[in-house]
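Here is the structure we will look at, set down as structure tokens.
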Amino acid sequence: MQAGDIGVVTMSAEGDLDTFIEVAEVCPAEQATCAGASYRSTTPRRSGHFGPTRRGGLRSYRLPMPTGNTVSHPAGTALRVIASIVGSVLVAVALSIIWIARLSIDRVLYVSGLGADGEPTAGWFELALLLLVVGGFAVAWAARGLRSTVPWLSVWSPSFSVAMASSLFLVASQVTCTTGCPLPVGPAFTWQDLVHTTVAVLAFALAAFAMLQVSFVEGRRRLRVLSLGAGVSTAAIAAAGGILSLLQFRTDIGSILELVATTIGMGWLAILGMDTAVAQRRVRRKTWKPVLQAVEVHRSTARSTGTISLVAVSR
């Protein structure tokens, strides 16, 4: 084997393939050590390889076998594509409902006010939030492989941030503010208003944090740039709208700013879902191609139980 080549050892058991592939790779001679092994999207920790390998030495690691005995890679990818697309559509529908409801009101009203007690748009507001919750969970599940490369942004995954924000929006859909959505000052403010305001603010914060996390993932450059712009603008615009509301100054502008921030956040989530669907389709076409070729060679050469075949796959 040459430096940089990969050898794939497929294990057979009773005429069928086992559930893993042993992969060996020669450490390139120009490198002093190989800090870890990787194969496509498989990380060193997940692949089972730990520690450095000396120059010219052989490092090995284990990959999951895409066979009928394990989780089907094409089926799993298809589910993630479907979930991401459905989630994006649901989020887009929810955003459309919010806009239609807001345009039907001819007075100054913040987004949360659409669901306040006694408002004619309360039912539509609840429906929109529930669609957002379902869509958010679907996109979070489909995009669960994303991880930020910045330490302080990688405390948890972007999917977890989206899922937590969706959970908080679920609470906000069921605990709406009282008539007029009073500010957190004065006798009109109730515990119901406190719960709704708190979960709404935290949900917005988690959504903005998820955007920043996606801004520093590996690959997917367009999504990173879009996420950075969306995260910064959502946080800034939502904060400006909230401050104007608290100060009771130009609330007409503050309500518009909150609607704009809502639009950016929900639009980003819908785009994340569609981008995830496209990325998963690419994974389905490309990621397992070399391994599947090795599997086909093994099936054509294996003769009995316990046979091991070594296939060199050049990078």
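Scanning the stretch 160-176 for residues that are crowded, with 21+ Cβ neighbours inside 10 Å, of a type in the set (Ser, Thr, Tyr) and at pLDDT 95 or above yields Ser161, Ser166. Going by the structure shown, is Gly113 touching a Cys at 6+ places or on another chain (Cβ under 6 Å) and surrounded by 15 or more Cβ atoms within 10 Å (Cβ to Cβ)? Spelling it out, Gly113 is indeed touching a Cys at 6+ places or on another chain (Cβ under 6 Å) and surrounded by 15 or more Cβ atoms within 10 Å (Cβ to Cβ).
Looking at this structure, is Val111 modelled with pLDDT under 95, assigned by TED's automatic domain parsing to the domain that holds Leu259, over 19 Å from Ser227 (Cα atoms) and not small (Gly, Ala, Ser)? Judged against the criteria, Val111 is a match. Within the stretch 61-108, can you find the residues that are outside any loop (DSSP other than H, G, I, E, B), at pLDDT below 75 and touching a Ser or Thr at 6+ places or on another chain (Cβ under 9 Å)? Tyr61, Arg62, Leu63, Pro64, His73, listed by residue number. Selection of the stretch 186-205 for residues being on the phi < 0 side of the Ramachandran plot and of a type in the set (Gly, Ala, Ser) yields Ala188, Ala200, Ala203, Ala205.
Only residues that are over 17 Å from Leu129 (Cα atoms), touching a residue at least 24 places away in the same chain (Cβ under 8 Å) and among the hydrophobic types (A, V, I, L, M, F, W, C) were counted in the stretch 193-214, giving 6.
Checked across the stretch 172-180, the condition of being small (Gly, Ala, Ser) and without any contact (Cβ under 8 Å) to a residue 40 or more places away in the chain holds for no residue. Whether a residue is polar (S, T, N, Q) and either touching a strand residue (DSSP E or B) at 6+ places or on another chain (Cβ under 8 Å) or surrounded by 19 or more Cβ atoms within 10 Å (Cβ to Cβ) (or both) was assessed, and Thr198 does not pass this test.
Quick one: which of Leu257, Leu247 is free of Cβ contacts under 8 Å to residues at least 24 places away in the same chain, more than 26 Å from Arg144 (Cβ to Cβ), surrounded by fewer than 16 Cβ atoms within 10 Å (Cβ to Cβ) and not aromatic (Phe, Trp, Tyr)? If you could, list the steps in order and put the result at the bottom.
Values: Leu257 fails: surrounded by fewer than 16 Cβ atoms within 10 Å (Cβ to Cβ).
The unique qualifying residue is Leu247.
Scan the stretch 154-188 for residues that are over 19 Å from Glu119 (Cα atoms), of a type outside the set (A, V, I, L, M) and either part of a loop (DSSP other than H, G, I, E, B) or not assigned by TED's automatic domain parsing to the domain that holds Leu109 (or both) and the total you get is 6.
The values are calculated or read from the model by the stated rules, or taken from the named source; none is laboratory data. All values derive from a computational prediction rather than experimental measurement. Every residue, glycine among them, receives a Cβ derived from its backbone with ideal geometry; neighbour counts consider all protein chains shown.
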